[in-house]
1. Give just the number: which of (1) open to solvent by 60 Å² or more (accessible area, probe 1.4 Å); (2) closer than 19 Å to G147 by Cα does G191 not satisfy?
2. Search the range 106-133 for residues that are part of a strand (DSSP E or B) and pair each with any residue that is among the small types (G, A, S) and within 10 Å of the ligand (Cβ to nearest atom) when their beta-carbon atoms are under 9 Å apart and the residues are at least 6 apart or on different chains.
3. Can you go through T81, T35, T42 and tell me which one is polar (S, T, N, Q), within 30 Å of Q9 (Cβ to Cβ) and either within 12 Å of the ligand (Cβ to nearest atom) or surrounded by fewer than 19 Cβ atoms within 10 Å (Cβ to Cβ) (or both)?
4. Among the residues in the range 162-174, are any over 30 Å from A66 (Cβ atoms) and either part of a helix (DSSP H, G or I) or in contact with a His (Cβ under 6 Å, 6 or more places away or on another chain) (or both)?
5. Among the residues of the range 24-36, is any at pLDDT 95 or above and under 15 Å from L125 (Cα atoms)?
6. Do we have L199 as assigned to a helix (DSSP H, G or I) and either touching a Phe, Trp or Tyr at 6+ places or on another chain (Cβ under 6 Å) or within 12 Å of the ligand (Cβ to nearest atom) (or both) here?
7. Does G177 satisfy being small (G, A, S), more than 13 Å from T44 (Cα to Cα) and assigned to a loop (DSSP other than H, G, I, E, B)?
8. Of everything in the range 139-156 that's open to solvent by 20 Å² or more (accessible area, probe 1.4 Å) and not in a loop (DSSP other than H, G, I, E, B), which residue is nearest to L55 (Cα to Cα)?
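The values are calculated or read from the model by the stated rules, or taken from the named source; none is laboratory data. All values reported here derive from a predicted model rather than from experimental measurement. Glycine also receives a Cβ, built like all others from the backbone with ideal geometry; neighbour counts cover every protein chain displayed. Just so you know, the surface numbers come from the protein's heavy atoms only, side chains and all, with ligands and any DNA or RNA stripped out. Shrake-Rupley method; radii C 1.70, N 1.55, O 1.52, S 1.80 Å.
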Amino acid sequence: MIPRPIQHQLLTTLYDTFADWADTFAFVCRKGCATCCTRSVTMTSLEGEWIVNFLDEAGRRSELAAHAFQPATNRESQCTTNAFVAAHLRGESVEEAENWDMRPCPFLKEESCSIYPVRPFGCRLFASQDSCAVSGVAEMPPGYLAGATALLQYIEHLDNGGRWGTMVELLTGLNNGQAENYGEPAAPIPGFLIAPDELALVEPLLHDLLAQEVNGQTFAQWLQVSRP
Ligand code: SF4
């Protein structure tokens, strides 16, 4: 198991590498547009701990006890990203969730993110080439979602022994010290769902990330350590 501080270094390296790649696209997203900021955002407990630390340092930990952070009681268990990919690779169909909670995210204040520096990857990947406030749908370039999904898989893989779920439910679990009772177990990478025509776009992102040096080893080497 990788020590938690190094897992957090790997996470910030992944965030930075993804941001450089995403900057090569012409997205229209700007501060103040928050259509995608809902309670259905998912993440890992690794990302959640970073948010809890941020709130602790800012003297805002009490926010997590607010009613807005109570998870929906009718939520069904969901497939984690890696469990979803594994099922597809086995040729099994996966039921899409139908009861996502689309109410605004509790961290959305005056149309801005109040935890912006530590927002999870599920927030970072949301982007659109057209205003989704008008169409209601995010327009992503071909291959963009495949690249972002591969990085979601890396994060889940790194969080060995951790949990995957909605941000709201995992933060509730981390706040009350019972994270193991929320969400699903984080799973290792079973492979990827990248179509042949998406490879040219996605490969530079993965190549760049896997070659990054973190604490004396490459990102690729840390992935092996995480799940030997
Ligand atoms: S954490 Fe921030 S970016 Fe993510 S959904 Fe909430 S307000 Fe939006």
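1. Result: G191 fails condition (1) only.
2. Cβ pairs passing all conditions: L108/A34; L108/S114; S112/A34; C113/A34.
3. Working: T81 fails: either within 12 Å of the ligand (Cβ to nearest atom) or surrounded by fewer than 19 Cβ atoms within 10 Å (Cβ to Cβ) (or both); T35 fails: within 30 Å of Q9 (Cβ to Cβ).
After applying the criteria, what remains is T42.
4. No; the residues of the range 162-174 include none that is over 30 Å from A66 (Cβ atoms) and either part of a helix (DSSP H, G or I) or in contact with a His (Cβ under 6 Å, 6 or more places away or on another chain) (or both).
5. There is no residue in the range 24-36 that is at pLDDT 95 or above and under 15 Å from L125 (Cα atoms).
6. Numbers: assigned to a helix (DSSP H, G or I): yes; either touching a Phe, Trp or Tyr at 6+ places or on another chain (Cβ under 6 Å) or within 12 Å of the ligand (Cβ to nearest atom) (or both): no.
Taking the combined requirement at face value, the residue does not satisfy it.
7. On the way: small (G, A, S): yes; more than 13 Å from T44 (Cα to Cα): yes; assigned to a loop (DSSP other than H, G, I, E, B): yes.
So G177 fits the description; yes.
8. L152
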